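Asks: Before I ask anything, let me first share the structure, which is written out below as structure tokens.
The values are calculated or read from the model by the stated rules, or taken from the named source; none is laboratory data. These figures come from a predicted structure and were not determined experimentally. Methodologically, a virtual Cβ is constructed for each residue, glycine included, from the backbone with ideal geometry; neighbour enumeration extends over all protein chains shown.
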Amino acid sequence: MKPKLILGIIAIVAFTSMLMINFGNSISTYTDFETASEMKAAHVPGVWDSSKDHGFSRETMQFSFYMTDDAGETKKVVYPRPKPNNFEEADRLVVIGEMRNDVFYASEMLMKCPSKYNNADPSEYVKASES
């Protein structure tokens, strides 16, 4: 084999390996707070605990609240932006970030709001489409 061909194959294998390693590190699965403390980045689904303090701090420019994960553990969540508009209406939250010193620092937050179609009567759709 020619040396250029061997070098090319090695370069392609090395590049592909680096891509796979980086892709594997960037994938974050849904988890709970306990497991998230061992990870660099995690998606933690849960519900807002409205019985505890929450609010936006103008000094730190962060919104903080308490969230209970699917395992039943409640932790403080710090989000570096103002409170999202539909925060109170959300059925579920997914915070994306990392645990530090028993506090979850979210870089992103997703709100799972209830659908207006969940409790609707299916016959209403038939009536609307007939007219």
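Asks: Please count how many residues of the stretch 71-87 are charged (D, E, K, R) and either at positive phi or in contact (Cβ under 8 Å) with a residue 40 or more places away in the chain (or both).
Replies: Of the residues in the stretch 71-87, 2 are charged (D, E, K, R) and either at positive phi or in contact (Cβ under 8 Å) with a residue 40 or more places away in the chain (or both).
Asks: Continuing with the same structure: Considering the stretch 50-103 alone, what residues qualify as being modelled with pLDDT of 90 or more, of a type in the set (G, A, S) and surrounded by 15 or more Cβ atoms within 10 Å (Cβ to Cβ)?
Replies: S64, G97, listed by residue number.
Asks: Examine the stretch 24-40 for a residue that is among the β-branched types (V, I, T) and at pLDDT below 85, and state whether such a residue exists. Please lay out each step first, then the result.
Replies: First pass over the stretch 24-40, keeping only residues among the β-branched types (V, I, T): 27, 29, 31, 35.
Narrowing further to those that are at pLDDT below 85: 27, 29.
For the stretch 24-40, residues among the β-branched types (V, I, T) and at pLDDT below 85: present.
Asks: Another question about this same structure. Of all the residues that make up the stretch 97-111, how many are outside any loop (DSSP other than H, G, I, E, B) and either touching a Ser or Thr at 6+ places or on another chain (Cβ under 6 Å) or not aliphatic (A, V, I, L, M) (or both)?
Replies: 8
Asks: Condition (residue is out of contact with any Leu (no Cβ under 7 Å at 6 or more places or on another chain), among the polar types (S, T, N, Q) and over 16 Å from M109 (Cα atoms)) applied to the stretch 78-92: is it met by at least one residue?
Replies: Within the stretch 78-92, none of the residues are out of contact with any Leu (no Cβ under 7 Å at 6 or more places or on another chain), among the polar types (S, T, N, Q) and over 16 Å from M109 (Cα atoms).
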